[in-house]
1. Determine which member of the set Ala86, Ala111, Ala96 is buried (at least 18 other Cβ atoms within 10 Å of the Cβ) and either modelled with pLDDT under 95 or within 24 Å of the chain's Cα centre (by Cα) (or both).
2. Find all pairs meeting these conditions: Cβ atoms under 8 angstrom apart; at least six residues apart or on different chains; first residue within the stretch 215-233 and of a type in the set (Ser, Thr, Tyr); second residue modelled with pLDDT of 95 or more and not in a strand (DSSP E or B).
3. In the set Val187, Val160, Val192, Val179, which member is of a type in the set (Val, Ile, Thr), over 30 Å from Trp20 (Cα atoms) and outside any helix (DSSP H, G or I)?
4. Here's a check for you: in the stretch 33-51, which residue that is of a type outside the set (A, V, I, L, M) and buried (at least 19 other Cβ atoms within 10 Å of the Cβ) is farthest from His132 (Cα to Cα)?
5. Regarding the stretch 27-48, can at least one residue be identified that is touching a strand residue (DSSP E or B) at 6+ places or on another chain (Cβ under 9 Å), closer than 21 Å to Glu210 by Cα and assigned to a helix (DSSP H, G or I)?
6. As an exercise: evaluate Gln178 against (1) more than 30 Å from Tyr67 (Cβ to Cβ); (2) touching a strand residue (DSSP E or B) at 6+ places or on another chain (Cβ under 8 Å) and give the number of the one condition it does not meet.
7. If you go through the stretch 176-186, how many residues are surrounded by 21 or more Cβ atoms within 10 Å (Cβ to Cβ) and either closer than 13 Å to Arg200 by Cβ or of a type in the set (Val, Ile, Thr) (or both)?
8. I'm trying to understand the selection: among the residues of the stretch 205-226, which are in a helix (DSSP H, G or I) and touching a strand residue (DSSP E or B) at 6+ places or on another chain (Cβ under 8 Å)?
Amino acid sequence: MNQPADEPSQTAAVRPSHPWTQADNAAGFVLRYVSPMRRYLIHRLGSESLSDHALTLLIGHLVQRGYGHLGQGRLRDFLTRGMRSAAKVAVARAEAPQTPHDDTGQRGAGADQRKPFDRDAFDPESSVWLGHWRSGLLQLAWRRLEQVQHKTPGSLHYTVLEAASRNSHATATMLATQVSTSAGRAVDLEEVKRVLAESRRQFAAILSAEVASTLENPSVANTSEEMRHLKLK
C-alpha cells in the first residue's frame, strides 16, 4: 500500500545526525539532556537545590568555554565528568562558612538532605546513570515523534504508538476505539494496523538518530553498539 501524501515519511521525521562534538552551541545542545542529568545529580547529592546549582555551574561553563579539549568520545561520559566537577564545586560552596556579605543563596543549600560528596560515585557506567540516560533518550524520541505528528495534518503516528505502548495487551480493535476517541474521527482496524507498523519503524529510526548524535563517531556500527549497551534494541 502506498503511503498517503499527508503521512510523514520515516526519513522526514528523522533529523540528520550530527556528532555532539560538532554542535555550534555546546550549552544549547547539552540543555536537551538536563532532565536525566538532574535526576542523576539528585540521586548522588541527595539535594534538589545542590543539584540545580551544579547544573547551573555546568551550563554556565559550557556557555563561556564550550566543550574545550574534553569534547570527545561519548556525550554521556563527558557529562558524567562535567557533573562530577560541578557537583564538587557546588558542595564546597555549600559547606563553606557563610559570611555577612554572602548573598549567593548557596551556602548550606540542602544541608538537611545532602549526601557526602563521593567523587568515585560519578561512574559513567553506573547502572543508575545509564538508566536515567536511557530514559532521557526515549523521552527525546517520543517528543520528536509527537512534534512530527503535530506538524503533519492527519497523522496519527504518535497517537497510535503511544496508545499501544500504554496498553501493551490491547488488541487492534481496542486500539482503533481508543485512537478514534483521541482523534475525534473514525479510525478503522486496517488504518490502525498500518499506522502502528509505520510508527514503530519511525520511532526506531528517530531513536537511532538520537543515540547517534551523542557519539563522536556515529557510524552505523557504533550507534548499534551503543543502543545495545543502553538496552534500546
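The values are calculated or read from the model by the stated rules, or taken from the named source; none is laboratory data. Because the structure is a prediction, the values reported are computed rather than measured. Note that each Cβ is placed from the backbone with ideal geometry, even for glycine, and that neighbours are counted across all protein chains shown.
1. Working: Ala111 fails: buried (at least 18 other Cβ atoms within 10 Å of the Cβ); Ala96 fails: buried (at least 18 other Cβ atoms within 10 Å of the Cβ).
Exactly one of Ala86, Ala111, Ala96 is buried (at least 18 other Cβ atoms within 10 Å of the Cβ) and either modelled with pLDDT under 95 or within 24 Å of the chain's Cα centre (by Cα) (or both), namely Ala86.
2. Every condition considered, the pairs that remain are Thr223/Ser208; Thr223/Val211; Thr223/Ala212.
3. Numbers: Val160 fails: outside any helix (DSSP H, G or I); Val192 fails: outside any helix (DSSP H, G or I); Val179 fails: outside any helix (DSSP H, G or I).
Sole residue among the options that is of a type in the set (Val, Ile, Thr), over 30 Å from Trp20 (Cα atoms) and outside any helix (DSSP H, G or I): Val187.
4. If we filter the stretch 33-51 for residues that are of a type outside the set (A, V, I, L, M), which is where we start, we get 33, 35-36, 38-40, 43-44, 46-49, 51.
Then drop every residue that is not buried (at least 19 other Cβ atoms within 10 Å of the Cβ), which leaves 33, 36, 40, 44, 47, 49, 51.
Numbers: Tyr33: 10, Pro36: 5, Tyr40: 7, Arg44: 12, Ser47: 17, Ser49: 19, Ser51: 15 Å.
Top of the filtered list is Ser49.
5. The initial filter retains those residues of the stretch 27-48 that are touching a strand residue (DSSP E or B) at 6+ places or on another chain (Cβ under 9 Å), namely none.
No, the stretch 27-48 contains no residue that is touching a strand residue (DSSP E or B) at 6+ places or on another chain (Cβ under 9 Å), closer than 21 Å to Glu210 by Cα and assigned to a helix (DSSP H, G or I).
6. Gln178 satisfies all of (1) more than 30 Å from Tyr67 (Cβ to Cβ); (2) touching a strand residue (DSSP E or B) at 6+ places or on another chain (Cβ under 8 Å) except (2).
7. Our first condition is that a residue be surrounded by 21 or more Cβ atoms within 10 Å (Cβ to Cβ); within the stretch 176-186, this holds for 176, 179.
With either closer than 13 Å to Arg200 by Cβ or of a type in the set (Val, Ile, Thr) (or both) added as a condition, the list becomes 179.
Residues that pass the stated criteria total 1.
8. Narrowing the stretch 205-226 to residues in a helix (DSSP H, G or I): 205-212, 220-226.
Residues satisfying the conditions are Asn222, Thr223, Glu226.
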